[in-house]
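To start, the structure itself, in structure tokens.
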């Protein structure tokens, strides 16, 4: 079951992991504003409605995906246990560790998951192209919803975590908390993309972010064992 720790951790994972978004999504953010006038692109205030529309759609897609995998997880491993230890949180913690290793570029297992998601994206991408170039705010919401399905190891790792929650509602909540964590970086990307790109490509930035997410993963795994031990003590 999701709790304040899980939601807070998901938000921080989104915030720390969003340095990956700068390199992966920077070109798409550029495409988002390419059809707009120079006066709009150069004004953060006038760009705000467009960025809000896109990110609202993106977060909606995360919520839908989280609900789907949360529901599926409820009928698979999420509610099972081995030796009294809940499998779900352990699996979620392991994928957080994978995500940290992915960001530090020590082990890029999650890139294989991105490749697996390529088939779905090839089917969805033509629908997104219909809304480009962006000229009106109402185009940004459906484009953002489609873009949310872009193959991304960062998103996939949190989806596995959502599956371990064992509930459609809580899975959606976890993905939304994660999505909210990515907002500061993606909003800033619309106005200072060059500086953010240099920051995100820094090996130290990726190292610190990756290590912190690995610690979150280890903490999640440890929490599962601690909860089990406390339960045994009560009994």
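Just so you know, all these numbers are worked out from the coordinates, no wet-lab data involved. What you are looking at is a predicted structure, and each value in this text was computed from that prediction instead of being measured. Counting neighbours? That spans all protein chains shown, and the Cβs are built from the backbone with ideal geometry, glycine included.
Summary of computed values
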item	result
Exposure proxy order (Cβ contacts within 10 Å, fewest to most) of 64, 91, 13, 158	64, 91, 13, 158
Residue order, fewest to most beta carbons within 10 Å, for 149, 161, 121	121, 149, 161
Added length on full extension, which subtracts the Cα-Cα distance from 0.36 nm per residue, residue 45 to residue 222	59.3 nm
Exposure proxy ranking, count of Cβ atoms within 10 Å, fewest first, for 157, 203	203, 157
Inverse mean reciprocal Cα-Cα distance (Kirkwood Rh) of segment 99-171, Å	14.0 Å
